[in-house]
1. Only one of these is in contact (Cβ under 8 Å) with a residue 24 or more places away in the chain, out of contact with any Leu (no Cβ under 9 Å at 6 or more places or on another chain) and aromatic (Phe, Trp, Tyr): Tyr49, Tyr6. Name it.
2. Give the stretch 1-23 a look and list any residue that's among the polar types (S, T, N, Q) and in a loop (DSSP other than H, G, I, E, B), or say none.
3. Restricting the first residue to the stretch 24-44 and requiring it to be assigned to a loop (DSSP other than H, G, I, E, B) and modelled with pLDDT under 90, which pairs with a second residue that is exposed (fewer than 11 other Cβ atoms within 10 Å of the Cβ) and not β-branched (Val, Ile, Thr) meet a Cβ separation below 9 Å and a spacing of at least six or different chains?
Amino acid sequence: MSDKSYVSMGLCPICHKENGTILMDRRLKDTFEMHTLTAEPCDACKKKYLTKGVMVLNPETGDVVVLKLSAFKRIFTCPVPPKHIIFAHDDVMQRLMPKKDEK
């Protein structure tokens, strides 16, 4: 019996709790684990973090940084995205994430 399924519950990229998203493989192939990290934050994290900040996410690695709006505007030249979510490559994420000895 396979541990995979054609459906999966989405997880918030910030707190890693279920966010209410259900993912489904349209081919009905068993491709998903029971839970899958998504780009959609849960309602609690949206309220706590995205009302005053922007989530920067690397979908390939799952790395996440939440920046205050003032910091986002200083660092990026683009306007604040409507949902306060932006995707970034690994090189950008490495610059935004604190170094291990700075934590």
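The values are calculated or read from the model by the stated rules, or taken from the named source; none is laboratory data. All values derive from a computational prediction rather than experimental measurement. Neighbour counts are summed over all protein chains in view; Cβ atoms, including those assigned to glycine, are modelled from backbone coordinates with ideal geometry.
1. Working: Tyr6 fails: out of contact with any Leu (no Cβ under 9 Å at 6 or more places or on another chain).
Exactly one of Tyr49, Tyr6 is in contact (Cβ under 8 Å) with a residue 24 or more places away in the chain, out of contact with any Leu (no Cβ under 9 Å at 6 or more places or on another chain) and aromatic (Phe, Trp, Tyr), namely Tyr49.
2. First, the residues of the stretch 1-23 that are among the polar types (S, T, N, Q): 2, 5, 8, 19, 21.
Selection gives Ser2 alone.
3. none
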